[in-house]
Structures are given as C-alpha cells and as structure tokens.
Ligand code: HAM
C-alpha cells in the first residue's frame with residue numbers, strides 16, 4: 001500500500017476546524033497590526049536559500065529538499081519564507097512603492113529533519129516580515145503579534161526568550177574571543193560541536209550534549225560584547241516589552257539556526273510540547289536584502305509552526321473549535337423523489353444554505369441518523385400524502401417542533417429562519 005511519505009501528514013476533515021480557527025486568528029491579528037498577505041512559490045532557485053540562510057547552517061547543509069529539474073535548474077522546496085519574501089520584495093521593487101512593507105504569510109515549508117512529535121518534513125508556518133525600517137518598535141511588534149496569536153489560541157504555558165546578536169562587526173570580534181576561549185577545549189567537545197568550531201562557532205551554544213553545555217557555561221557571552229547601538233536597541237526592546245505586559249527572559253544562549261540575523265532575536269517556547277518546543281522564532285536581519293543583491297533594506301520578522309502550535313493547544317486543551325453543522329438535510333420517503341430532492345437541494349444551496357441529502361438509498365431511519373450526525377438544523381421530509389398536496393414536513397432539530405409547509409413557500413420559511 002502506498003502511504004504518505006515519512007514526515008508528511010494528511011490533515012483530515014475532523015482536524016480542519018482547528019486549522020481554520022488558527023488561520024482566522026492569524027488573519028485577524030495580522031490585520032489588526034496592518035500587515036498585508038504575500039504568497040510566493042513553493043520552490044525557488046537553490047542559491048536563494050544557500051545565500052540567504054547561510055551555507056554553513058543545518059538547514060542548507062543537511063535539510064533542504066533540493067533537486068535538478070528537467071531543464072537543469074537547481075530547485076529547492078522552500079525551507080522558510082524570509083529569503084523568498086526578500087527575493088519577491090527586491091524583484092518587484094516593493095520598496096519603491098512603499099517605504100515600509102509590512103507583510104505576512106501562511107505556507108507549507110519543507111525540511112528533511114528527523115521526524116518526531118512537533119517536527120515534520122512538510123510543515124506549515126505563518127509569519128511576518130517588515131521591510132524598510134530600523135525602528136526597534138517593529139522588533140517588539142513581531143513579538144507582540146506572535147504572543148497575541150498564541151494567547152488568542154488559549155495558550156498559557158509560554159516563555160518568551162530574547163537575545164541580541166549585535167552587528168556583524170561586534171559579532172565577529174566576539175567570535176574571535178569565543179574561539180580563544182574554546183581552542184584548548186576543542187578536543188573535549190562533541191563531534192558536532194568540533195565541526196561547528198570551524199564553520200559556525202556560535203551554534204555550539206545550541207548543542208544538546210551535556211559536556212558541551214558544561215564547557216559553554218563559562219564561555220564569554222555575546223551579550224556582554226555588544227556594540228553600543230545594539231545595546232541601546234536591546235534596552236528599548238526590553239522596556240517596550242515590559243510596557244506591553246509581555247513576560248520575557250533574556251537568554252544569552254539563544255543563537256538561532258539561520259545566519260541572517262543582526263541585533264534582536266527571539267523565540268517563544270511552550271512548556272507543553274516536549275523537546276521540539278519552539279513555537280516560533282525570529283529577529284532582525286538588516287543586511288539580508290543587500291546580501292541578496294537588493295538595495296540595502298533593514299528587515300525584521302518571525303515565523304511560527306502551526307503543527308507545533310496545534311500540539312501545544314491539544315496538550316493545554318485550549319482550543320474550542322466551532323462545531324461544524326449544516327442548515328438542512330432533505331429526506332426522501334419514496335425513491336422516485338430523488339430528483340425532486342436534488343432539485344430542492346440545489347435551490348437552497350444557491351441561496352447560500354448548507355444542504356445535504358441521501359445518495360445511498362438509505363431508509364428513512366438511516367437518513368435521520370445521518371441528519372443527526374451532520375448536526376442539521378432542519379430536516380425536510382419529502383414524500384407521502386403531504387407531498388401529493390404540495391406540502392412537506394419541516395422539523396426544527398433543536399426544538400423538535402415539526403410543521404407542515406407548502407413546498408413552493410419553503411424559500412420564505414427557511415430563509416427567514418436562517
Ligand atoms: P525557524 O526557527 O527555523 O525560523 O522556524 C520557525 C518555526 O517553524 C519554529 O519555531 C517551529 O515552530 C517551526 N518549524 C521549524 N522547523 C519545523 C519542522 N521541521 N517541523 C515543524 N515545525 C517546524 C524561520 O524559519 C525564520 N524564517 C523565521 C524568521 C522570519 N526570522 C525572521 N523572519
């Protein structure tokens with residue numbers, strides 16, 4: 001039997017109401033902050049991500065779904081959206097039309113990671129990117145939006161972590177200090193961290209290895225080696241977050257897995273989803289547009305994983321998705337009336353009522369069972385002696401009240417009840 005590919009997941013009809021609720025919440029909150037939706041293709045040229053995210057990152061080095069298509073183009077299924085949004089921003093000169101572009105997205109992403117709870121190979125992100133301003137208030141706005149969305153979804157066990165990665169100059173100077181600190185300890189590090197020592201030394205802070213963690217505890221911190229500009233903006237981030245009533249903690253070990261960040265970075269962690277606990281992450285990336293050969297344009301953004309959020313909602317029992325029901329179920333007492341029932345159904349469907357009927361030649365009892373299962377508000381009985389005199393019984397399923405109505409007046413009766 002052919003099954004869904006490892007790490008991918010079908011979203012079945014009974015899961016859809018929760019997804020729709022999340023999507024509606026996302027749209028509402030982004031609208032409240034005046035962000036406009038952008039949609040980009042599912043695949044891009046591989047070099048966009050290699051250059052944008054960084055050759056030495058795990059995403060580019062190990063996780064991308066990359067292939068050569070039949071025209072020898074190097075293609076990658078997008079592992080994240082920031083590089084794509086910045087590419088679209090440059091390609092369509094969005095910065096010329098508007099000096100600040102506030103954009104949001106909801107889209108599937110692809111990373112070939114080891115699948116586990118909360119970690120998939122095709123997953124869905126929503127996120128936002130603000131391009132064109134260095135205002136630190138936009139850094140805070142990202143955290144506010146992410147936090148509001150998670151709060152609206154009823155999540156409580158949340159931990160906002162913030163850090164600053166400084167400018168590339170201060171970061172490079174700091175990396176030198178870190179290298180000096182680690183050079184004589186290098187042999188004691190795990191194999192992964194030894195590799196990172198040469199390629200991406202900051203990521204050693206991300207190691208899950210207990211011995212690495214012990215070593216890194218005494219390492220100098222980037223936060224203590226920031227340039228004055230980064231320091232100042234980090235202070236404003238902290239003050240403004242306090243004013244927003246958003247609890248947070250400064251986490252000097254938060255380094256993030258993408259290379260484009262400058263200054264503010266953040267993650268929101270759930271205490272309820274096991275090891276894959278980052279519900280969202282983001283930060284400022286003032287040099288990315290330039291790096292992708294666009295006009296220098298500062299940017300800041302975040303992205304959140306919908307599957308992980310839904311897992312947290314399930315574990316916190318926080319979501320009350322609306323019940324799905326239909327307006328009308330039409331039962332048929334005689335089989336010859338199938339066509340008539342179908343005609344009445346179309347009439348009401350065209351008038352925006354949600355209507356269903358029987359397609360399986362079921363008994364009246366079985367049709368009623370189906371109507372109950374579908375949580376129909378009304379059931380219409382077509383057939384019998386009443387039908388011969390142009391009448392039909394209409395039952396209000398909530399009150400149990402049943403009344404005889406003229407079939408050619410059904411419109412009036414039903415539409416007035418809606
Ligand atoms: P990221 O931290 O790589 O950041 O991903 C953001 C979120 O996507 C994670 O916190 C997690 O919830 C979800 N996620 C990532 N990988 C998986 C996976 N394999 N399965 C399920 N969920 C996953 C970015 O992608 C950046 N583009 C964020 C950003 C936007 N920074 C600035 N602007």
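The values are calculated or read from the model by the stated rules, or taken from the named source; none is laboratory data. Bear in mind that the values here come from a model prediction, so they are computed numbers and not experimental data. Every residue, glycine as well, gets a Cβ built from its backbone with ideal geometry; the counts of neighbours run over all protein chains shown.
Data overview
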quantity	calculated
Residues that are assigned to a loop (DSSP other than H, G, I, E, B), surrounded by fewer than 14 Cβ atoms within 10 Å (Cβ to Cβ) and over 39 Å from the mean Cα position of the chain (by Cα), drawn from the stretch 361-404	361, 363, 389, 390, 399, 400, 401
Residue check, residue 156 surrounded by fewer than 21 Cβ atoms within 10 Å (Cβ to Cβ), more than 13 Å from the ligand (Cβ to nearest atom) and free of Cβ contacts under 8 Å to residues at least 40 places away in the same chain	no
Test result for residue 177, in contact with a helix residue (DSSP H, G or I) (Cβ under 9 Å, 6 or more places away or on another chain) and outside the structural domain of residue 140 (by TED's automatic domain parsing)	yes
Flag for residue 335 being more than 16 Å from the ligand (Cβ to nearest atom), in contact (Cβ under 8 Å) with a residue 24 or more places away in the chain, outside the structural domain of residue 136 (by TED's automatic domain parsing) and touching a strand residue (DSSP E or B) at 6+ places or on another chain (Cβ under 8 Å)	no
Residues of the stretch 207-226 satisfying the condition of being in contact with a helix residue (DSSP H, G or I) (Cβ under 6 Å, 6 or more places away or on another chain) and either surrounded by fewer than 15 Cβ atoms within 10 Å (Cβ to Cβ) or part of a loop (DSSP other than H, G, I, E, B) (or both)	207, 219, 220, 226
Total residues in the stretch 108-154, condition assigned to a helix (DSSP H, G or I) and in contact with a strand residue (DSSP E or B) (Cβ under 9 Å, 6 or more places away or on another chain)	13
Residues satisfying the stated conditions in the stretch 274-299, i.e. closer than 24 Å to residue 204 by Cα and buried (at least 21 other Cβ atoms within 10 Å of the Cβ)	279, 280, 281, 282, 283, 284, 285, 288
Check on residue 268, in contact with a strand residue (DSSP E or B) (Cβ under 7 Å, 6 or more places away or on another chain) and within 12 Å of the ligand (Cβ to nearest atom)	yes
Meets criteria (more than 20 Å from residue 134 (Cβ to Cβ), more than 30 Å from the chain's Cα centre (by Cα) and at pLDDT below 90) for residue 184	no
Residue, farthest from the ligand (Cβ to nearest atom), within the stretch 79-107, restricted to residues that are in a loop (DSSP other than H, G, I, E, B) and in contact (Cβ under 8 Å) with a residue 60 or more places away in the chain	81
Scope the stretch 398-409; condition closer than 21 Å to residue 354 by Cβ and touching a helix residue (DSSP H, G or I) at 6+ places or on another chain (Cβ under 7 Å); matching residues	405
Only one of 282, 274 that is at pLDDT below 95 and in the same structural domain as residue 148 (by TED's automatic domain parsing)	274
Test: residue 300 is in contact with a strand residue (DSSP E or B) (Cβ under 7 Å, 6 or more places away or on another chain) and over 30 Å from residue 103 (Cα atoms)	no
Some residue of the stretch 197-206 being within 16 Å of the ligand (Cβ to nearest atom), in a helix (DSSP H, G or I) and surrounded by 20 or more Cβ atoms within 10 Å (Cβ to Cβ)	yes
Residue selected from the stretch 37-78 under the condition within 13 Å of the ligand (Cβ to nearest atom) and free of Cβ contacts under 8 Å to residues at least 40 places away in the same chain, by the criterion farthest from residue 120 (Cα to Cα)	49
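Residue-by-condition table, conditions (1) over 30 Å from residue 48 (Cβ atoms); (2) outside the structural domain of residue 176 (by TED's automatic domain parsing):
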residue: 193; (1), (2): no, no
residue: 203; (1), (2): no, no
residue: 208; (1), (2): no, no
residue: 248; (1), (2): yes, yes
residue: 255; (1), (2): no, yes
residue: 262; (1), (2): no, yes
